[in-house]
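The values are calculated or read from the model by the stated rules, or taken from the named source; none is laboratory data. In this text, all values refer to a predicted model and were calculated from it rather than measured experimentally. Counting neighbours? That spans all protein chains shown, and the Cβs are built from the backbone with ideal geometry, glycine included. Accessible surface is based on the protein model in full, side chains and every heavy atom, while ligands, DNA and RNA are left aside. Shrake-Rupley method; radii C 1.70, N 1.55, O 1.52, S 1.80 Å.
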Amino acid sequence: MKFFVDTADTAEIAELAETGLLDGVTTNPSLIHKSGRDFMEVTKEICGLVDGPVSAEVVALDHAGMMREAEILRKIADNVCIKVPLTIDGLKTCKKLTGDGSMVNVTLCFSANQALLAAKAGATFVSPFVGRHDDNGFDGMELIEDIRLIYDNYDFSTEILVASIRHPVHVLESARIGADVATMPPAVIRNLFKHVLTEKGIEAFLADWEKTGQSI
Ligand code: E4P
């Protein structure tokens with residue numbers, strides 16, 4: 001499973017990229033706002049920090065406007081992935097852009113039928129938002145299971161990019177189901193490394209090592 005980080009904070013991205021475990025980045029207008037940075041400038045910087053796809057979202061709602069914005073965004077770098085909303089205009093744009101060889105992430109997916117449409121539109125990634133789904137009383141992971149089943153039934157190559165992840169259990173469940181990508185806030189990625197027994201174990205080993213009086 002690929003790991004993407006869901007942030008526009010370049011310091012966080014650079015630090016996580018150093019682990020060698022980061023496969024891409026997703027941003028959205030809210031994350032750009034949170035960064036306080038210029039959209040074009042920060043997106044270009046992020047594209048230089050990772051080799052994998054960096055999702056940059058259009059804000060136009062009509063097909064012509066989305067195409068105009070996508071033209072600007074795809075010139076930023078080769079690893080830019082244009083993010084479009086799951087609407088009729090968004091999917092029209094997706095079809096056109098992927099036909100031209102650009103990567104497209106179809107975002108704000110909340111149903112398996114929407115995911116089916118995204119795959120038919122040739123999306124590179126579809127982003128079902130599990131956390132927001134859970135927040136509204138639906139089962140986010142059930143949605144991922146349904147999408148996996150449908151994509152496998154028809155051999156769709158669209159990758160399931162699990163988004164709106166809130167905690168490590170979402171990541172575990174996504175991996176069990178066979179989702180292709182998980183995009184996570186930096187804190188969730190860091191939490192994946194942690195286990196109280198790992199920390200306790202290191203502490204005990206170091207205490208005993210000190211008693212040996214040796215050094216390596
Ligand atoms: C995905 O691409 C989105 O940027 C993100 O996962 C949304 O997450 P949120 O529901 O925590 O805002």
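Scan the stretch 160-178 residue by residue and report those that are part of a loop (DSSP other than H, G, I, E, B) and either open to solvent by less than 10 Å² (accessible area, probe 1.4 Å) or modelled with pLDDT under 95 (or both). Even if it seems obvious, please write down each step before you answer.
From the stretch 160-178, those part of a loop (DSSP other than H, G, I, E, B) are 164-167, 178; that's our starting set.
Listed by number, the list holds a single entry, Ile165.
Hey, could you check the stretch 21-38 for residues that are in contact with a helix residue (DSSP H, G or I) (Cβ under 8 Å, 6 or more places away or on another chain) and assigned to a helix (DSSP H, G or I) and say which is least open to solvent (accessible area, probe 1.4 Å)?
So, considering only residues that are in contact with a helix residue (DSSP H, G or I) (Cβ under 8 Å, 6 or more places away or on another chain) and assigned to a helix (DSSP H, G or I), the one least open to solvent (accessible area, probe 1.4 Å) is Ile32.
Can you tell me which residue among Glu69, Glu57, Glu41, Glu18 is open to solvent by 40 Å² or more (accessible area, probe 1.4 Å) and under 19 Å from Ala182 (Cα atoms)?
Details: Glu69 fails: under 19 Å from Ala182 (Cα atoms); Glu57 fails: open to solvent by 40 Å² or more (accessible area, probe 1.4 Å); Glu41 fails: under 19 Å from Ala182 (Cα atoms).
The conditions single out Glu18.
From the residues in the stretch 146-159 that are open to solvent by less than 10 Å² (accessible area, probe 1.4 Å) and within 16 Å of the ligand (Cβ to nearest atom), which one is nearest to Val104 (Cα to Cα)? I'd like the intermediate steps shown before the answer.
So in the stretch 146-159, the residues open to solvent by less than 10 Å² (accessible area, probe 1.4 Å) come out as 147, 151, 158.
When the remaining residues are screened for being within 16 Å of the ligand (Cβ to nearest atom), the result is 147, 158.
Working: Ile147: 18, Thr158: 10 Å.
Among them, the one singled out is Thr158.
Could you grab me the full set of residues in the stretch 198-216 that are open to solvent by 80 Å² or more (accessible area, probe 1.4 Å) and assigned to a helix (DSSP H, G or I)?
Residues satisfying the conditions are Glu199, Lys200, Ile202, Glu203, Phe205, Leu206, Asp208, Trp209, Glu210, Lys211.
Among the numbered conditions (1) in contact (Cβ under 8 Å) with a residue 40 or more places away in the chain; (2) within 16 Å of the ligand (Cβ to nearest atom), tell me where Val162 comes up short.
(1)
Does Cys47 meet the test of being assigned to a helix (DSSP H, G or I) and either within 20 Å of the chain's Cα centre (by Cα) or touching a residue at least 24 places away in the same chain (Cβ under 8 Å) (or both)?
Judged against the criteria, Cys47 is a match.
Using beta carbons and a limit of 7 Å, which pairs, at least six apart or on different chains, have the first residue in the stretch 114-131 and closer than 9 Å to Glu159 by Cα and the second one aliphatic (A, V, I, L, M) and open to solvent by 40 Å² or more (accessible area, probe 1.4 Å)?
Matching pairs, first to second residue: Thr124/Met103.
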